[in-house]
């Protein structure tokens with residue numbers, strides 16, 4: 001069953017590539033106007049997904065939908081304010097917010113090294129927390145009050161399986177995603193009376209361009225009938241679209257693990 005997003009304005013952070021790109025494309029296909037976001041114009045080119053963020057927005061708009069590009073650092077309040085103002089001027093108030101930007105990325109831009117519970121540098125730990133938890137919170141603080149005033153809106157925050165189980169390495173990343181998940185519950189509680197729904201998705205390993213380029217993958221998990229495999233970006237995007245849609249109109253404060261049953265017994 002398709003979702004009808006006509007009249008909706010969606011902001012998907014980190015949508016220049018990977019999961020965010022597929023989510024934005026799925027919402028656009030349902031009729032939403034979509035603001036693509038990434039930290040800079042060149043982000044989509046890193047793994048060959050588009051020449052630039054503006055080029056991607058132009059490509060998406062050719063199919064009859066409406067898409068614009070906004071750039072900025074989600075850990076900087078001034079950047080967020082400027083992005084939201086641009087989106088509202090071009091498309092209207094945001095009614096769907098997908099906080100997909102994040103990642104286990106340290107202060108220098110790559111993976112923290114070392115990356116354990118006791119040896120990660122404080123600088124890297126703060127960078128990971130800011131990129132994931134603080135960035136998500138700041139985006140919600142910028143967009144959700146308007147949703148509450150209009151008494152409608154849907155927020156989908158991105159957690160991770162690492163936020164549900166003990167992991168090593170990527171410990172701070174797991175802690176940051178656990179914080180995102182609990183923040184989702186707290187914000188959902190505060191928004192109950194306003195009619196704004198807030199949920200989270202924790203995806204399993206997914207075959208994005210970055211995943212395929214930076215990890216040693218198991219050929220046996222690339223497809224087939226078994227659920228013991230990697231997810232496709234479309235499978236994560238479809239779950240996100242469900243939580244954004246009216247078909248999940250009485251669902252809030254929930255965490256949907258889209259992982260083929262990989263974490264059946266996780267909290």
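Read-outs throughout are calculated quantities, based only on the coordinates presented, and are distinct from any laboratory measurement. Everything quoted here is computed from the prediction, not taken from an experiment. So basically every Cβ, Gly included, is an ideal-geometry build from the backbone, and we count neighbours across all protein chains shown.
Residue-by-condition table, conditions (1) touching a residue at least 24 places away in the same chain (Cβ under 8 Å); (2) within 19 Å of the chain's Cα centre (by Cα); (3) assigned to a loop (DSSP other than H, G, I, E, B):
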{"site": "210", "(1), (2), (3)": "yes, yes, no"}
{"site": "213", "(1), (2), (3)": "yes, no, no"}
{"site": "217", "(1), (2), (3)": "no, no, yes"}
{"site": "220", "(1), (2), (3)": "no, no, no"}
{"site": "224", "(1), (2), (3)": "no, no, yes"}
{"site": "229", "(1), (2), (3)": "yes, no, yes"}
{"site": "236", "(1), (2), (3)": "yes, yes, no"}
{"site": "242", "(1), (2), (3)": "yes, yes, no"}
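Across the range 101-137, the qualifying residues are those that are in a loop (DSSP other than H, G, I, E, B) and in contact with a strand residue (DSSP E or B) (Cβ under 9 Å, 6 or more places away or on another chain), and the one among them that is nearest to residue 35 (Cα to Cα) is 101.
Please go through the range 255-267 and give me each residue that is in contact (Cβ under 8 Å) with a residue 60 or more places away in the chain and part of a loop (DSSP other than H, G, I, E, B), ordered by number. Those that are in contact (Cβ under 8 Å) with a residue 60 or more places away in the chain and part of a loop (DSSP other than H, G, I, E, B): 259, 262, 263, 266, 267.
Just name the residue that is surrounded by the most Cβ atoms within 10 Å (Cβ to Cβ) out of those in the range 14-39 that are touching a helix residue (DSSP H, G or I) at 6+ places or on another chain (Cβ under 6 Å) and assigned to a helix (DSSP H, G or I). Within the range 14-39, the match that is surrounded by the most Cβ atoms within 10 Å (Cβ to Cβ) is 23. The criterion of being within 15 Å of the chain's Cα centre (by Cα) and either assigned to a loop (DSSP other than H, G, I, E, B) or touching a residue at least 24 places away in the same chain (Cβ under 8 Å) (or both) does not hold for residue 250. Test residue 179 against the criterion of being in contact with a strand residue (DSSP E or B) (Cβ under 8 Å, 6 or more places away or on another chain), in a helix (DSSP H, G or I), within 24 Å of residue 135 (Cβ to Cβ) and in contact (Cβ under 8 Å) with a residue 40 or more places away in the chain, and give yes or no. Judged against the criteria, residue 179 is not a match.
Scanning the range 46-82 for residues that are more than 16 Å from residue 24 (Cβ to Cβ), outside any loop (DSSP other than H, G, I, E, B), free of Cβ contacts under 8 Å to residues at least 60 places away in the same chain and more than 18 Å from the chain's Cα centre (by Cα) yields a count of 2. Selection of the range 89-112 for residues being under 25 Å from residue 6 (Cα atoms) and either crowded, with 20+ Cβ neighbours inside 10 Å or in contact (Cβ under 8 Å) with a residue 12 or more places away in the chain (or both) yields 90, 91, 92, 93, 94, 95, 96, 97, 98, 99, 100, 101. Test residue 157 against the stated conditions and say whether it is touching a residue at least 24 places away in the same chain (Cβ under 8 Å), touching a helix residue (DSSP H, G or I) at 6+ places or on another chain (Cβ under 8 Å) and buried (at least 24 other Cβ atoms within 10 Å of the Cβ). Against the criterion (touching a residue at least 24 places away in the same chain (Cβ under 8 Å), touching a helix residue (DSSP H, G or I) at 6+ places or on another chain (Cβ under 8 Å) and buried (at least 24 other Cβ atoms within 10 Å of the Cβ)), residue 157 qualifies.
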